[in-house]
Amino acid sequence: MAYEAEQFDVIVVGAGHAGCEAGLAAARLGAKTLVLTINLDMVAFMPCNPSIGGPAKGIVVREIDALGGEMGRIIDKTYIQMRMLNTGKGPAVRALRAQADKYKYQQAMKKALEDEPNLTLVQGLVEQLIVEEETCKGVLTQSGAIYRSSAVVITTGTYLKGEIILGELKYSSGPNNSQPSIKLSDDLEKNGLELVRFKTGTPPRVHHESIDYSKTEIQPGDEVPRRFSHQTVAKKVIGDQLPCWLTYTTLQTHQIIENNLHRSPMFSGMIKGTGPRYCPSIEDKVVRFNDKPRHQIFLEPEGRDTHEVYVQGLSSSLPEDVQQQVLKSITGLENVRMMRSGYAIEYDAIVPTQLWPTLETKKIGHLYTAGQINGTSGYEEAAGQGLIAGINAARKSLGLEEIILGRDDAYIGVLIDDLVTKGTNEPYRLLTSRAEYRLLLRHDNADLRLTELGYNIGLIGQAHYETFLLKKKAIEAEISRLKATFIKPTSEVQGLILSLGGSELKDGIRAADFLRRTEVVYQHIEQLIPSELHLSEEVVEQVEIQLKYEGYIEKSIQQVEKQRKLENKKIPIDIDFDAISGIATEARQKLNNIRPLSIAQASRISGVNPADISILLVYLEHGRIAKLKS
């Protein structure tokens, strides 16, 4: 029997990576917040890869931190290994990646939620939304509790009608054999939201002591201490790291898989959902890339206090007996003991073009969705969405204007714009190639891009903000010094240049221009014209990147300014696109479906051509826009 429970400002359904960020953000912004989760033991659980970061994803974690989110701080406390990736490439594609102690990470994040004074964490299964006058006003749980609120954020991950598939076995389940959410999926459809069926998977876990590491290649962490969060004290960075290990599949591996494809749910037709393109199963890789004699396999410890090792690169839904054969055919795993088999999981997700860029649903006011329910893959993408959804749900409940991150502001902005403007027909993964302004959206300048916003909305504290301002001032001062200071062609300078393999100076040169030389780094500047101030490594990094890439950065900024003019040309929400003659039928259908908020967003919609945009611009500039009938 239903009963009225407590009233809240914001309710977050689910406590995965999206739910945790949404709940903490809403609570810290002053909204009385409830986080409801099926199982308190699964808060911030990592059902797949025990890692945080990587290409593009690592930049998202930095952005979450710059805005005042939690993921970066928690992984800094609980990682077992951290590396900077792509150090041999330009700064636009560098990113941190950390192996997590998955159990310590989970415990630390759960404690962060429990310690938050304005947040209530409750175990409960939400089965129904309370929708009145096209506005979400709360939720109903399986036990009959009615929780009312001003806004609701749904972050259900892969739990909606989740089904685990392992060989010929298929059963209703959330990830890692947890309880699924069945009725909420039906209720979302009943309220007019369109759902799709997606699939993801996970590899087997094996026992650490059964691996012959002498046949594998060690993958150590960086010797230089690393951190995701600017609020992590450098001296507290974890030093004793655990290595990962690299091995490979063999021809025997591929033969075993080919001999058992008839038992694979992927090829038998048992799996109906669309899987992730950029994280294929091992059976999919063997079929699609049958010319390759081997595939990389990374052996990644799941924590300091467990013997379980994650076999990255071997995601599979093959029957358990076949998985055991496959494992034993891999170099170094000949005598391995499998502790958990891999599996595929199918789940419901919503079509993300049903969302505004604030992540509020268009059909139901005050209802937000974030994470894998929006069709994404990955903990980082989920956390970034959760943070924005939590911020906007809180601001909506408190009567404040919501925020929207642009494509030139953050990778989180690219992610959300891609989802709500283009949609996705497969689990979406964020890549550096998706960002047209990636030289501006680097991991090293996330704080310079977003800390001001985090402070203005109330998620960044005063002390951290003042530290940030000092860093920003130091960067600006040093760049100004190097642009105003000349380096003369003395014997010391010429000798340094020759030792570096460069060409000698013919005349004096500004220090800033000297630093732009390929062979020169900031340490050489410091050697010739030392600064009176002791500059931190982060300040030095910014000075060097901003000066060496100044021309390219300036060109990107000009492109942003040009695009911003189109972003500033707003389209009324209630515009009647059917009343505009000349727009192609496909474009009209797409515009009516997505309801873009600006000319720039409209131009990014697949099927909307430059001719359609030109017609739309003419109508806007002449004020000839017809409004939809209410």
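The values are calculated or read from the model by the stated rules, or taken from the named source; none is laboratory data. Predicted model, so just to flag it, every value in this text is computed and none were measured. Cβ atoms come from the backbone with ideal geometry, glycine included; neighbour counts cover every protein chain shown. These accessible areas exclude ligands, DNA and RNA; they are computed on the full protein's heavy atoms, side chains included. Shrake-Rupley method; radii C 1.70, N 1.55, O 1.52, S 1.80 Å.
Within segment 265-284, can one find any residue that is under 30 Å from Leu184 (Cα atoms), hydroxyl-bearing (Ser, Thr, Tyr), open to solvent by 10 Å² or more (accessible area, probe 1.4 Å) and not in a loop (DSSP other than H, G, I, E, B)? Yes, some residue in segment 265-284 is under 30 Å from Leu184 (Cα atoms), hydroxyl-bearing (Ser, Thr, Tyr), open to solvent by 10 Å² or more (accessible area, probe 1.4 Å) and not in a loop (DSSP other than H, G, I, E, B). The residues of segment 93-102 that are touching a helix residue (DSSP H, G or I) at 6+ places or on another chain (Cβ under 9 Å) and either of a type outside the set (Lys, Arg) or farther than 18 Å from Gln312 by Cα (or both), listed by number, are Val93, Arg94, Ala95, Leu96, Ala98, Ala100, Asp101.
Against the list (1) β-branched (Val, Ile, Thr); (2) modelled with pLDDT under 95; (3) in a helix (DSSP H, G or I), the condition Ile475 fails is (2). Only one entry of Glu436, Glu492, Glu426 meets the criterion of being within 25 Å of Ala66 (Cα to Cα) and either touching a Lys or Arg at 6+ places or on another chain (Cβ under 9 Å) or surrounded by fewer than 18 Cβ atoms within 10 Å (Cβ to Cβ) (or both), and that entry is Glu436. Considered as a group, the residues in segment 283-321 that are at pLDDT below 95 and of a type in the set (Val, Ile, Thr) include one that is nearest to Pro220 (Cα to Cα), and that residue is Val286.
Note on segment 506-523: residues that are out of contact with any Lys or Arg (no Cβ under 8 Å at 6 or more places or on another chain) and either aromatic (Phe, Trp, Tyr) or open to solvent by 20 Å² or more (accessible area, probe 1.4 Å) (or both) total 11. Of the residues making up segment 93-102, one or more are within 24 Å of the chain's Cα centre (by Cα), over 24 Å from Thr306 (Cβ atoms) and open to solvent by less than 10 Å² (accessible area, probe 1.4 Å). I want to confirm something. Restricting to segment 244-264 and keeping residues that are in a strand (DSSP E or B) and out of contact with any Gly (no Cβ under 7 Å at 6 or more places or on another chain), which single residue is surrounded by the most Cβ atoms within 10 Å (Cβ to Cβ)? Across segment 244-264, the extreme among qualifying residues is Cys244.
To keep it simple, each residue is scored yes or no on (1) part of a strand (DSSP E or B); (2) surrounded by 22 or more Cβ atoms within 10 Å (Cβ to Cβ); (3) modelled with pLDDT of 95 or more.
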residue	(1), (2), (3)
Tyr105	no, yes, yes
Leu113	no, yes, yes
Gln128	yes, no, yes
Cys136	yes, yes, yes
Tyr147	yes, yes, yes
Thr156	no, yes, yes
Asp186	no, no, yes
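Report yes if some residue within segment 81-90 is among the hydroxyl-bearing types (Ser, Thr, Tyr) and touching a residue at least 12 places away in the same chain (Cβ under 8 Å); otherwise report no. Within segment 81-90, none of the residues are among the hydroxyl-bearing types (Ser, Thr, Tyr) and touching a residue at least 12 places away in the same chain (Cβ under 8 Å). Test Glu132 against the stated conditions and say whether it is out of contact with any strand residue (DSSP E or B) (no Cβ under 8 Å at 6 or more places or on another chain) and surrounded by fewer than 24 Cβ atoms within 10 Å (Cβ to Cβ). Taking the combined requirement at face value, the residue satisfies it. Looking at Gly30, is it out of contact with any strand residue (DSSP E or B) (no Cβ under 7 Å at 6 or more places or on another chain), small (Gly, Ala, Ser) and more than 19 Å from Gln81 (Cα to Cα)? Taking the combined requirement at face value, the residue satisfies it.
Going residue by residue through segment 2-13, is there one that turns out to be buried (at least 24 other Cβ atoms within 10 Å of the Cβ), out of contact with any Ser or Thr (no Cβ under 9 Å at 6 or more places or on another chain) and in contact (Cβ under 8 Å) with a residue 40 or more places away in the chain? Within segment 2-13, not a single residue is buried (at least 24 other Cβ atoms within 10 Å of the Cβ), out of contact with any Ser or Thr (no Cβ under 9 Å at 6 or more places or on another chain) and in contact (Cβ under 8 Å) with a residue 40 or more places away in the chain. Restricted to helices (runs of 4 or more DSSP H) entirely inside segment 527-630, those with at least 3 residues that are surrounded by 13 or more Cβ atoms within 10 Å (Cβ to Cβ) and over 34 Å from the mean Cα position of the chain (by Cα) are 610-621.
Of the residues making up segment 335-385, those that are assigned to a loop (DSSP other than H, G, I, E, B), modelled with pLDDT of 95 or more and under 22 Å from the mean Cα position of the chain (by Cα) number 8.
If you go through segment 238-257 one residue at a time, do you hit one that is free of Cβ contacts under 8 Å to residues at least 24 places away in the same chain, of a type outside the set (Phe, Trp, Tyr) and under 30 Å from Ile460 (Cβ atoms)? Yes, the conditions are met somewhere in segment 238-257.
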